[in-house]
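Every number in this text was worked out from the coordinates using simple rules, so none of it is lab data. Predicted model only: the values in this text are computed from it and were never measured. For neighbour counting, all protein chains shown are included, and Cβ atoms are generated from backbone atoms with ideal geometry for every residue, glycine included.
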Amino acid sequence: MSKVVLVTGSSRGIGRACIKEFAKRGYKVVINYNHGEKKALALEKEIKELGNECLVIKADISKEEEVVYMVNKIRDRFGKIDVLVNNASISCDSLFEDKSVSDFKRVMEVNVLGTFLVSKYVGKIMYENKEGKIINVSSTNGINTYFPMCIDYDASKASIISLTHNLAMQFAPYVNVNAVAPGFIATESEIGDMDEQFIKSEEEKIFLRRVGKEEEVARVICFLASDDASYINNEVIRIDGGMYGNY
């Protein structure tokens, strides 16, 4: 029986790459988005052409009622959720002195509260079924990458690491909860507005001398979701190519 995976914020970027990688491995996939309906539907078409079952759900994960709606819809369709990838996140990069309270709150609501809410309701299903995998997408920004212009984003990603450890304890012994911490990954939102010279200077800080690819992150996430990672729990895995000091 095929496993079911929910990837939040999966209409683009790392989330989209995860959906494609899971589909290749025969999973039934759930695409979640809040904005970007066109991209979500295009991805759905692509997945169905591979012969996989696919469900697309619009939901703002920072709103409890919408999370409950999403989880119930998945349960009605597939009867279970085997894997959850908490990928959805936003950033509001700006100079520190220009940071607004509303922007800071919104980043924390989506990135932290959203991860908590989806994990709470999906984790309950997994615990009742006595099996499941939760993979949270943090960032090296939550470990030792410091940029005051994204202080809210960095704080949210550090919080996700804390959530990971607490969720692993909460859902023990049935649910494996881990996190990945990507570094500089060539997503559209990450490098879209960066000039070539800046990217090159940042690559010099990476042992492998290049930015990462979305699919390289997705493959690690798929590994953590697999039976091969059955004894990996409560861990944070960096996917950053190796970095010199503080990025």
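A few points about this structure:
- Wholly within segment 139-206, helices (runs of 4 or more DSSP H) carrying at least 1 residues that are under 17 Å from PHE116 (Cβ atoms), touching a Lys or Arg at 6+ places or on another chain (Cβ under 7 Å) and without any contact (Cβ under 8 Å) to a residue 40 or more places away in the chain: none
- Scanning segment 119-130 for residues that are among the aromatic types (Phe, Trp, Tyr) and surrounded by fewer than 17 Cβ atoms within 10 Å (Cβ to Cβ) yields a single hit, TYR127.
- Residues of segment 121-153 classified as more than 30 Å from GLY79 (Cα to Cα) and among the polar types (S, T, N, Q), total: 5
- Whichever residue in segment 96-127 is among the hydroxyl-bearing types (Ser, Thr, Tyr) and part of a helix (DSSP H, G or I) and, among such residues, is farthest from VAL85 (Cα to Cα): SER102
- The residues of segment 207-234 that are assigned to a loop (DSSP other than H, G, I, E, B) and among the aromatic types (Phe, Trp, Tyr), listed by number, are PHE207, TYR231.
- Condition check for PHE116: in contact with a helix residue (DSSP H, G or I) (Cβ under 9 Å, 6 or more places away or on another chain), within 22 Å of ILE14 (Cα to Cα) and loosely packed, with under 15 Cβ neighbours inside 10 Å: no
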